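These notes are about the structure you will find just below.
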Amino acid sequence: MPVTRETAEQWIRAYAAAIAEHEQALTQLDMAIGDGDHGANMQRGFQAVLSRLGSVAEGDLGALFKLVGMTLLSTVGGTSGPLYGTLFLQMALKTQGKHELAPEELEAALRAGLEGIIARGKAAPGDKTMIDALKPAQEALRQALNQKSSLAEALRRAEEAARTGRDATIALVARKGRASYLGERSAGHQDPGATSAHLLMECAARTWM
Ligand code: ADP
Ligand code: MG
Ligand code: MG
């Protein structure tokens, strides 16, 4: 399936549904190493996105991603809102005026979003954050597309890489965000943001399979 405004909106709607489904699980993870609000933060943000999507049916891909990013920035308190907001605003800049994306353009947009998160949050791979799921996913996506895989296959590999990265956060000691206040005691727990980031990639793989 091509990456159009319509299918990208399906991706966002699928993610909002996944967040609603996993709200409690995300909160549980954040209770162990944070302040127990990651599920609620994401749920608030994506319910607001859903309600605004209802009123804006038209527009290019850039307009869609801008709406998502601005909504997350303005409705989600906490660290994850501005970071996911940045992801979507950077994707918006890359997709302004476009009604359809080639697979490589989707990867470039995702890469710009990831770089935006890194610029804003200053986390590196291994710091036990959403970066640990997103960066391997972007790299797997790029590598698969370089090898001439279909978008569906490339996103499948990206989802797998995000899952592996998410699982690897369990063993890590947090060096960014609230979990870093726990120091060594943060090890042994899966990072909530890496978990929501994996869900984002899972929804992408399901949307464009
Ligand atoms: P808060 O920590 O403000 O309560 P959330 O609970 O919604 O916000 O989000 C926590 C998640 O944000 C963490 O699990 C981690 O993945 C992510 N995070 C925290 N700090 C950073 C950072 N500097 N860079 C990237 N991700 C981060
Ligand atoms: Mg929190
Ligand atoms: Mg909080």
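Each value in this text was obtained by applying a stated rule to the coordinates, not by laboratory testing. Note that the structure is a prediction, hence the values are computed from the model and not measured. Note: ideal-geometry Cβ built from the backbone for every residue, glycine included; neighbour counts use all protein chains shown.
At-a-glance table
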{"item": "Dimensionless Rg over Rh [the stretch 5-111; C-alpha; Kirkwood]", "result": "1.00"}
{"item": "Farthest positive-ward along the stretch 3-207 dipole, Cα basis, beta-carbon charges - from Ser180, Ile33, Ala152", "result": "Ser180"}
{"item": "Positive-end residue, the stretch 3-207 charge dipole about Cα centroid, Cβ charges, pick of Ala102, Gly116, Val49", "result": "Gly116"}
{"item": "Rg over Rh [alpha-carbon atoms, Kirkwood Rh] for the stretch 3-207", "result": "0.95"}
{"item": "Inter-site label distance for Glu153 and Leu93 at 7 Å from Cα along Cβ, in nm", "result": "3.3"}
{"item": "Tally of Lys pairs whose C-alpha atoms are under 26 Å apart, taken over the stretch 3-207, 8 or more apart or cross-chain", "result": "14"}
{"item": "Dipole moment magnitude, nearest 20 debye, the chain about Cα centre, only Lys, Arg, Asp, Glu C-beta charged", "result": "360"}
